[in-house]
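> Can you keep this structure in mind? I'll have questions shortly.
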Amino acid sequence: MHKPVTAEIISIGDELLYGQILDTNSKWLSEEMDKIGVRVKRKTTIGDDPEAMTQAFEAASKEVDIVLMTGGLGPTKDDLTKHVLADFFNASVKLFPQALEDLRVFFENRGKVLTPTNQNQANLPSNCTYIPNAVGTAPGMWFEENGVAWMSMPGVPHEMKYLMENTVIPKIKEKFKLPVIYHKLIKTIGIGESWLSDKISTWEEQLPSHIRLAYLPSLGEVKLRLTAFGESLATLAAEVNEQVIQLEPLIAEYIYGYDTDTIASSLGHELVQRKKSLAIAESCTGGYLTHVITSIPGSSNYYNGSIIPYHNDFKEELLDVNPQTLITNGAVSEETVIEMSKQVRLKFKATYGLATSGIAGPGGGTEEKPVGLVWIACHDGENCRTRKLQLTKDRLINIQLTSTASLNLLRETILQNTK
């Protein structure tokens, strides 16, 4: 196998450090590099600081084959990238006539005057290859120094993407012999990262050296990513598929899907295939669970409706929850969510009824029922599965975790009914 080609992404701009702008560029660049077999080794975010920029450039020049830079190419005095690059490469800044002509045409086509400030954008480091930017005024700059390819691009996302797609990616493919990278995601739910690791440790240890495993935990889920490196996509896909076949029996009860599947889309597929339907009664999640379900195209084929009885009075009036149940056990109790799931299933004539009730926080908790206490239930007409959750003190996280846990409870109920 040939030597891997590596890259660093350097995002430049004070606004990124201040949190005023979300850096979506580096995410997109990482995805595009992965597609062509380039491994992104590091991402660096720096402000409009010449010293910090120079330090970042020096570090990158020693460690990677490709440096992709965004930002700092505007016409104003705070845009310093091209001047710092010129100093870094011991080059001068000079006028590029073609860049000036392209700027003139760009402004003329839009009925605007090319100002002296904008003309300065045609002044570039003398050692760069000028890369025209047909969708903006900041030109791209390509450098090749000591075997490293450098590309400086504007931070405006659509301009950066234009330069990458039309010039940079083709130049990288031409300059470097690129390997093939193949990814496979195995989506799991209902098990924590460390427990999952224990279950598959023997399988993980026998993975070939060119296939790597990564654990990607998120709220209520853990994704397993298998990444294979080689020269034939078909061969890598077959090898990874064989590893997945060996993995599946070890954690089958936790796997809900692969690659682009979500827990909601996977459940939607199962409900459609089995010609079953769903209704939801949610209190502490306040409609978020319904939002997750209905975000899937075609959800009307299996989703019947929801009731969000946030106040206890409406649990009684809209869902016919027994008042005595609420008096004796409270809204946040196993008994209450059982009745909620049963009644919403009946009212919407659904196969399954899901219910949530809890203390999302940050206030409202007691010693007996602290913030983060949640009960969920799934009723199938004969049996009701329930689960008690003790979550966090963060309201939004609790809402998300409750929704994920509820979908997993539905998944478990469906699986139980198919045995």
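> Just name one of Ile12, Ala122, Val344: the one whose Cα is farthest towards the positive end of the charge dipole of the chain (beta-carbon charges, Lys/Arg +1, Asp/Glu -1).
Val344
> If R0 is 30 Å, what FRET efficiency do you get for Lys62 and His210 from their C-beta distance, rounded to 0.05?
For Lys62 and His210, the calculated efficiency is 0.70.
> Moving on. For region 70-147 and region 381-419, what is the separation of their Cα centres, given in Å?
Value for the Cα centre distance between the two parts: 55 Å.
> May I pose another question? Quick one: of Lys3/Lys82; Lys223/Lys275; Lys35/Lys223; Lys43/Lys173, which pairs are farther than 24 Å apart, Cα to Cα?
Lys3/Lys82; Lys223/Lys275, as the Cα separations exceed 24 Å there.
> If amide hydrogens are placed 1.01 Å from N in the peptide plane, which non-local residues have theirs closer than 5 Å to the one on Gly257?
Lys187
> Test of understanding: in a Gaussian network model of the chain with alpha carbons linked when under 10 Å, which of Pro370, Pro97, Pro139 would top the mean-square fluctuation ranking?
Pro97
> Additional query: Quote the charge dipole size of the chain about the Cα centre in Debye, to the nearest 20; the model charges only the Cβ of Lys and Arg (+1) and of Asp and Glu (-1).
That gives a dipole near 820 debye.
> Residue farthest toward the positive end of the dipole of the chain, with Cβ of Lys/Arg at +1 and Asp/Glu at -1: which of Asn166, Asn383, Pro309?
Selected residue: Asn383.
> How charged is the neighbourhood of Lys62? Take every other residue with its Cβ under 14 Å from the Cβ of Lys62, and add Lys/Arg as +1 and Asp/Glu as -1.
Local charge sum for Lys62: -3.
> Rounded to a whole number, what is D in µm²/s for the chain from Stokes-Einstein with the Kirkwood radius over alpha-carbon pairs (4 °C, 1.567 mPa s)?
Approximately 51 µm²/s, per Stokes-Einstein.
> Taking 51 Å as R0, compute the FRET efficiency from the Cβ-Cβ separation of Ala134 and Glu242 and round it to 0.05.
0.65
> Just add up the charged neighbours of Leu216: K/R +1, D/E -1, any other residue whose Cβ is under 13 Å from the Cβ of Leu216.
+2
> Sticking with this structure for a sec: Considering only DSSP beta bridges with both partners in region 1-155, what is the antiparallel share in %, to the nearest 5?
Around 40 percent antiparallel, to the nearest 5.
> Accessible area per residue for the chain in Å², computed with a 1.4 Å probe and the full protein assembly in place, what is it?
I get 48 Å² per residue for the chain.
> Determine, for each peptide in 229-239, 53-63, 392-402, the mean count of other beta carbons within 10 angstrom over its residues, then list the peptides with the highest first.
392-402, 53-63, 229-239
> Oh, and also: Out of all DSSP beta bridges with both ends in the chain, state the antiparallel percent to the nearest 5.
Within the chain, antiparallel bridges account for around 60 percent of the total.
> Nothing charged except the Cβ atoms of Lys and Arg (+1) and of Asp and Glu (-1): what's the magnitude of the dipole of region 95-158 about its Cα centre? Round to the nearest 20 debye.
280 debye
> Right, next: When the dipole is taken about the Cα centre of region 217-322, and only Lys, Arg (+1) and Asp, Glu (-1) are charged at their Cβ, what size is it in debye, to the nearest 20?
180 debye
The values are calculated or read from the model by the stated rules, or taken from the named source; none is laboratory data. Model, not experiment: these values are computed from the prediction. Positions of Cβ are generated from backbone atoms using ideal geometry, with glycine treated the same way; all protein chains shown enter the neighbour counts. Heads up: the accessible areas ignore ligands, DNA and RNA and are worked out on the full protein's heavy atoms, side chains in. Shrake-Rupley method; radii C 1.70, N 1.55, O 1.52, S 1.80 Å.
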